[in-house]
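Colleague: Structure below; questions to follow.
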Amino acid sequence: MHVFVGDAETSARHHALELDAARLIPSWESPNRAATIAAAITENHQPLAGGDLDDELLGRVHDAGYLEFLRTAWDDWQQLPGRGPAAMAACWPARWMATDRPPVSIDAKLGYYGFGADCSITAGTWAAARSAAALAQSAADDVLAGATVNFALCRPPGHHATIDQFGGYCYLNNAAIAAQRCLDGGSGRVAIVDVDYHHGNGTQQIFYERSDVYYASIHADPVTDFPYFAGFADERGRGDGVGYTRNEPLPAGTGFATWSAALERCLDDVVTLGCDMLVMSLGVDTFVDDPISQFRLTTGDFATLGARLAAVGLPTVIVMEGGYDVDDLGVNVAAVLDTFDIARVA
Ligand code: SP5
Ligand code: ZN
């Protein structure tokens, strides 16, 4: 396994504020997450740096106007009299409003190109998001070149980022970028298996009408949990994509027996649908002690997960998503990677 780790400074310069239960707090998606994971995984692995992000690839996944917004948002925010410490929306277009009219002011753009108040933009956000996406791209390239499995330590995470909206701590959809790179490099069909606690609404949307990417997610029921408006079991794809999306919403308190049964249903599809590469959106916010989540997986369960994914037998890119219990983050991620490695070599 090759592990791709970005420049620590670049990641650390992204530190957003989050509106949580009417309190503005430093985001749960904190800068020390990447450092903690890097420390744990580089005990066994020599870290590799990412290459330069391919802007053409980025443009195949995200909207050009959205990318321009992300690039300029912080500078635009600086022009705002009375601005606060992070660029954050306070008004989103509601159902009947004029969303076909391109936004001009930064306040309008933040609402138009975002969907959640858990997410904001600071000075280092664009550079950090690009660096994370480059890791996903490089990890995919290296698998296309023959590696069996790679890990991209992406921070900020990506699976909530849609074609043209940020939210859920996500700006660029790293898993989608990895999957698109795999397709461009010759894969016939990529499976994205998303095990983060939250539904990956962005990844689902990007590939919803396509049959070249199968998207499966196991997550907290959107009736009770973020992102609330996507991830229901009856969302199965549209047009060419019918049957190429699977959602496994599970109730708060779910433990590994129920969770892994849902995983098996997803992996059955991966085989049945003839996927030839696997991208895993790895969130470990399913951990029993995660501060913002309510599943009950243990470190041992993460080890079991790694071995199970290895048994799928496909060339695999593992992309980091969520996980907020910083004290156990390193050991939980390492549990997945180490057992994957051992199982695949055996
Ligand atoms: C990548 C990822 O895991 N994104 C998750 C984004 C979730 N953001 C909203 C979380 C709201 C949690 N509120 C918890 C209250 C604890 N005081
Ligand atoms: Zn999550």
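The values are calculated or read from the model by the stated rules, or taken from the named source; none is laboratory data. These numbers come from a predicted model, not from an experiment. Cβ placement follows ideal geometry from the backbone for every residue including glycine, while neighbour counts extend to all protein chains displayed. What goes into the accessible areas is simple: the full protein's heavy atoms, side chains included, and nothing from ligands, DNA or RNA. Shrake-Rupley method; radii C 1.70, N 1.55, O 1.52, S 1.80 Å.
Residue-by-condition table, conditions (1) of a type outside the set (Gly, Ala, Ser); (2) open to solvent by 60 Å² or more (accessible area, probe 1.4 Å):
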| residue | (1), (2) |
| --- | --- |
| 236 | yes, yes |
| 245 | yes, no |
| 261 | no, no |
| 286 | yes, no |
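Colleague: Can you find even one residue in segment 166-189 that is modelled with pLDDT of 95 or more, among the β-branched types (Val, Ile, Thr) and away from ligand 1 (no atom under 16 Å from the Cβ)?
Modeller: Looking for residues that are modelled with pLDDT of 95 or more, among the β-branched types (Val, Ile, Thr) and away from ligand 1 (no atom under 16 Å from the Cβ), one finds none in segment 166-189, hence no.
Colleague: So, one more: So, of the residues in segment 30-49 that are in a loop (DSSP other than H, G, I, E, B) and at pLDDT 95 or above, which turns out to be most open to solvent (accessible area, probe 1.4 Å)? Don't jump to the end; show me each part of the working.
Modeller: First, pick out the residues of segment 30-49 that are in a loop (DSSP other than H, G, I, E, B): 30-31, 42-46, 49.
Subsequent filtering for residues that are at pLDDT 95 or above retains 30-31, 49.
Details: 30: 22, 31: 46, 49: 79 Å².
The qualifying residue most open to solvent (accessible area, probe 1.4 Å) is 49.
Colleague: OK, next. Do you know which of the residues in segment 1-29 that are open to solvent by less than 20 Å² (accessible area, probe 1.4 Å), outside any strand (DSSP E or B) and not acidic (Asp, Glu) is farthest from residue 341 (Cα to Cα)?
Modeller: Checking each candidate, the answer is 16.
Colleague: How about segment 95-109: which of its residues are open to solvent by less than 60 Å² (accessible area, probe 1.4 Å) and under 17 Å from residue 163 (Cβ atoms)?
Modeller: 103, 109
Colleague: Name every residue in segment 263-277 that is open to solvent by 10 Å² or more (accessible area, probe 1.4 Å), within 21 Å of residue 206 (Cβ to Cβ) and not acidic (Asp, Glu), in order of residue number.
Modeller: Going through segment 263-277, the residues open to solvent by 10 Å² or more (accessible area, probe 1.4 Å) turn out to be 264-265, 268-269, 271-277.
In the following step, the residues that additionally are within 21 Å of residue 206 (Cβ to Cβ) were identified as 269, 273-277.
The answer is 273, 274, 275, 277.
Colleague: I'd like the full set of residues that are under 19 Å from residue 71 (Cα atoms) and either open to solvent by 10 Å² or more (accessible area, probe 1.4 Å) or without any contact (Cβ under 8 Å) to a residue 24 or more places away in the chain (or both), limited to segment 163-187.
Modeller: Passing the criteria: 163, 164, 165, 169.
Colleague: Right, residue 145: small (Gly, Ala, Ser), surrounded by fewer than 24 Cβ atoms within 10 Å (Cβ to Cβ) and away from ligand 1 (no atom under 12 Å from the Cβ) or not?
Modeller: yes
Colleague: If you check every pair at least six apart or on different chains, which have Cβ atoms under 8 Å apart with a residue in segment 115-141 that is closer than 30 Å to residue 315 by Cα and modelled with pLDDT of 95 or more first and a residue that is open to solvent by 20 Å² or more (accessible area, probe 1.4 Å) and among the hydroxyl-bearing types (Ser, Thr, Tyr) second?
Modeller: Filtered contacts from segment 115-141: 127/10; 128/10; 131/10.
Colleague: Please tell me if residue 148 is closer than 23 Å to residue 103 by Cα and among the β-branched types (Val, Ile, Thr). Lay out the reasoning, then the answer.
Modeller: Values: closer than 23 Å to residue 103 by Cα: no; among the β-branched types (Val, Ile, Thr): yes.
Judged against the criteria, residue 148 is not a match.
Colleague: So residue 225 passes all but one of these: (1) touching a Leu at 6+ places or on another chain (Cβ under 9 Å); (2) farther than 24 Å from residue 149 by Cα; (3) within 16 Å of ligand 1 (Cβ to nearest atom); (4) among the acidic types (Asp, Glu). Which condition number does it fail?
Modeller: Unmet for residue 225, out of (1) touching a Leu at 6+ places or on another chain (Cβ under 9 Å); (2) farther than 24 Å from residue 149 by Cα; (3) within 16 Å of ligand 1 (Cβ to nearest atom); (4) among the acidic types (Asp, Glu): (1).
Colleague: Name the pairs whose Cβ atoms lie under 6 Å apart, with the first residue in segment 5-27 and without any contact (Cβ under 8 Å) to a residue 40 or more places away in the chain, the second not in a loop (DSSP other than H, G, I, E, B), and 6 or more positions between them or separate chains?
Modeller: Once the first residue is without any contact (Cβ under 8 Å) to a residue 40 or more places away in the chain and sits in segment 5-27, its partners that are not in a loop (DSSP other than H, G, I, E, B) give 24/17; 25/18.
Colleague: Which condition breaks for residue 241 when tested against (1) without any contact (Cβ under 8 Å) to a residue 60 or more places away in the chain; (2) open to solvent by less than 10 Å² (accessible area, probe 1.4 Å); (3) within 16 Å of ligand 1 (Cβ to nearest atom); (4) of a type in the set (Gly, Ala, Ser)?
Modeller: (3)
Colleague: For segment 270-292, state whether one or more residues are more than 26 Å from residue 140 (Cα to Cα), modelled with pLDDT of 95 or more, of a type in the set (Asp, Glu) and touching an Asp or Glu at 6+ places or on another chain (Cβ under 8 Å).
Modeller: Yes; the residues of segment 270-292 include at least one that is more than 26 Å from residue 140 (Cα to Cα), modelled with pLDDT of 95 or more, of a type in the set (Asp, Glu) and touching an Asp or Glu at 6+ places or on another chain (Cβ under 8 Å).
Colleague: Of the residues 252, 335, which single one is more than 16 Å from ligand 2 (Cβ to nearest atom) and either more than 23 Å from residue 169 (Cβ to Cβ) or surrounded by fewer than 24 Cβ atoms within 10 Å (Cβ to Cβ) (or both)?
Modeller: After ruling out the rest, the residue left standing is 335.
Colleague: With on the phi < 0 side of the Ramachandran plot, charged (D, E, K, R) and assigned to a loop (DSSP other than H, G, I, E, B) as the only criterion, which of 289, 268, 301 stands out?
Modeller: Of 289, 268, 301, the one residue that is on the phi < 0 side of the Ramachandran plot, charged (D, E, K, R) and assigned to a loop (DSSP other than H, G, I, E, B) is 289.
Colleague: Taking residue 81 as the residue in question, decide whether it is over 22 Å from the mean Cα position of the chain (by Cα) and in contact (Cβ under 8 Å) with a residue 40 or more places away in the chain. I'd like the intermediate steps shown before the answer.
Modeller: Values: over 22 Å from the mean Cα position of the chain (by Cα): yes; in contact (Cβ under 8 Å) with a residue 40 or more places away in the chain: no.
For residue 81, the condition - over 22 Å from the mean Cα position of the chain (by Cα) and in contact (Cβ under 8 Å) with a residue 40 or more places away in the chain - is not met.
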